[in-house]
1. Can you tell me which of (1) buried (at least 22 other Cβ atoms within 10 Å of the Cβ); (2) assigned by TED's automatic domain parsing to the domain that holds Arg145; (3) part of a strand (DSSP E or B) is the one Leu219 doesn't meet?
2. What residue, among those in the stretch 270-326 that are of a type in the set (Ser, Thr, Tyr) and farther than 29 Å from Ala224 by Cβ, is modelled with the lowest pLDDT?
3. Would you point out the residue of the stretch 69-110, among those that are of a type in the set (Ser, Thr, Tyr) and within 18 Å of Arg145 (Cβ to Cβ), that is modelled with the highest pLDDT?
4. Those residues that are in a loop (DSSP other than H, G, I, E, B) and either among the β-branched types (Val, Ile, Thr) or crowded, with 19+ Cβ neighbours inside 10 Å (or both), I need them from the stretch 200-212; list them, please.
5. Might you let me know whether the stretch 18-33 holds any residue that is part of a loop (DSSP other than H, G, I, E, B) and on the phi > 0 side of the Ramachandran plot?
6. Assigned to a helix (DSSP H, G or I) and within 30 Å of Gly37 (Cα to Cα): which single residue out of Ala244, Ala224, Ala249 fits that description?
7. Please specify each residue of the stretch 158-177 satisfying the condition of being surrounded by 15 or more Cβ atoms within 10 Å (Cβ to Cβ), modelled with pLDDT under 90 and not hydroxyl-bearing (Ser, Thr, Tyr).
8. Of everything in the stretch 117-137, what is outside any helix (DSSP H, G or I) and either at pLDDT below 95 or in contact with a helix residue (DSSP H, G or I) (Cβ under 8 Å, 6 or more places away or on another chain) (or both)? Give them in sequence order.
Amino acid sequence: MPIGGPAVLVDGLVKRFGEVEAVRGIELAVEPGEVFGFLGPNGAGKSTTINMLCTLLRPTAGSARVAGHDVVRERDDVRRNIGLVFQDPTLDGYLSGEQNLRFHAELYGVPRSVTRDRIRQVLEMVGLWDRRRDRVEHYSGGMKRRLEIARGLLHSPRVLFLDEPTVGLDPQTRSSIWEYIRELKRAEEITIFMTTHYMDEAEYCGRIAIMDRGEIVALDTPEALKAGVGKDRVRIETADDPAAIAALAERFGLEAVMSEGAVAFAVASGEEFVPRLFAELGVPIRSVSVSRPSLDDVFMSFTGKTIRDAEGSARDWMRLAAKGRS
């Protein structure tokens with residue numbers, strides 16, 4: 001691939017596990033230096049895609065190139081040019097943070113003449129230099145995640161893959177992790193390809209691909225995706241939710257769904273619509289809230305459900321895929 005081409009290029013990528021098609025012919029291109037995000041519920045196919053791009057799974061069909069190298073024919077070249085932070089921890093708790101990094105440096109053939117300085121550089125970047133000699137089993141969850149990010153950077157990859165980098169962390173620690181990610185982006189000038197099911201994290205990406213049941217259903221900047229929705233989201237709690245949904249369709253021509261225990265629908269100028277709602281719905285309203293379009297609204301507009309509501313069906317999808325693997 002010519003210099004200056006996409007950092008990640010995917011063409012018709014498919015992965016099947018038995019009869020289950022976990023990834024369904026996706027296409028995308030990620031430019032060098034971009035922070036690109038996969039947004040979707042657990043089980044949507046995000047991690048399966050990451051595993052194919054990182055040569056851990058062989059595609060069933062289609063092709064992909066990472067850092068200019070084919071993920072099937074040039075696996076070793078791909079691996080030399082990527083860093084990967086897995087969703088599940090892979091550190092050795094009996095070793096110190098520094099020892100974990102030295103072991104990684106040996107595996108990736110980092111020259112010993114630069115290993116010491118590089119370890120200090122990445123540990124300082126994630127704020128762990130002062131704890132480098134502590135055993136990892138004594139690190140907090142956030143510290144372990146930061147160490148894994150440092151390890152992924154150690155061999156100076158061209159593309160860093162972050163698979164759910166803040167999963168299981170409290171909101172404050174998640175915020176801190178993102179401060180470190182933004183800093184490393186400025187310091188390293190690399191491409192970052194991440195997956196998440198947290199809407200607020202997707203806002204940090206230059207572009208996001210929304211994935212549902214193995215397909216990319218939307219791809220653009222967060223701002224453009226939200227602007228495309230164009231309507232406010234209204235949520236109401238009523239004395240009779242099924243009757244309210246029917247009345248919204250009959251009297252206002254609005255399609256509503258149950259979402260997280262409330263009736264939700266989209267309408268232009270939501271605040272101006274609320275007085276009509278109370279006057280004409282014909283069903284007692286207990287509470288109402290109006291919000292501007294969010295990425296969850298984008299997800300709903302393409303899939304018919306919120307990302308939280310999608311988690312349940314996605315878990316069923318994952319179980320089917322797991323059966324397909326066995």
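1. (1)
2. Ser326
3. Ser96
4. Applying the first criterion (in a loop (DSSP other than H, G, I, E, B)) to the stretch 200-212 yields 203-206.
Matches in the stretch 200-212: Cys205 only.
5. Going residue by residue through the stretch 18-33, those that are part of a loop (DSSP other than H, G, I, E, B) are 18-19, 31-33.
Pick out the ones that are also on the phi > 0 side of the Ramachandran plot and you get 18, 33.
There is at least one residue in the stretch 18-33 that is part of a loop (DSSP other than H, G, I, E, B) and on the phi > 0 side of the Ramachandran plot.
6. On the way: Ala244 fails: within 30 Å of Gly37 (Cα to Cα); Ala249 fails: within 30 Å of Gly37 (Cα to Cα).
Residue meeting the stated conditions: Ala224.
7. First, pick out the residues of the stretch 158-177 that are surrounded by 15 or more Cβ atoms within 10 Å (Cβ to Cβ): 158-167, 169, 173-174, 176-177.
Filter again for modelled with pLDDT under 90, leaving 162-167, 169, 173-174, 176-177.
Of everything in the stretch 158-177, those that are surrounded by 15 or more Cβ atoms within 10 Å (Cβ to Cβ), modelled with pLDDT under 90 and not hydroxyl-bearing (Ser, Thr, Tyr) turn out to be Leu162, Asp163, Glu164, Pro165, Val167, Leu169, Arg174, Ile177.
8. Val126, Gly127, Leu128, Arg132, Arg133, Asp134, listed by residue number.
The values are calculated or read from the model by the stated rules, or taken from the named source; none is laboratory data. Because the structure is predicted, anything quoted here is derived from the model rather than measured. Positions of Cβ are backbone-derived with ideal geometry, glycine not excepted, and every protein chain shown enters the neighbour counts.
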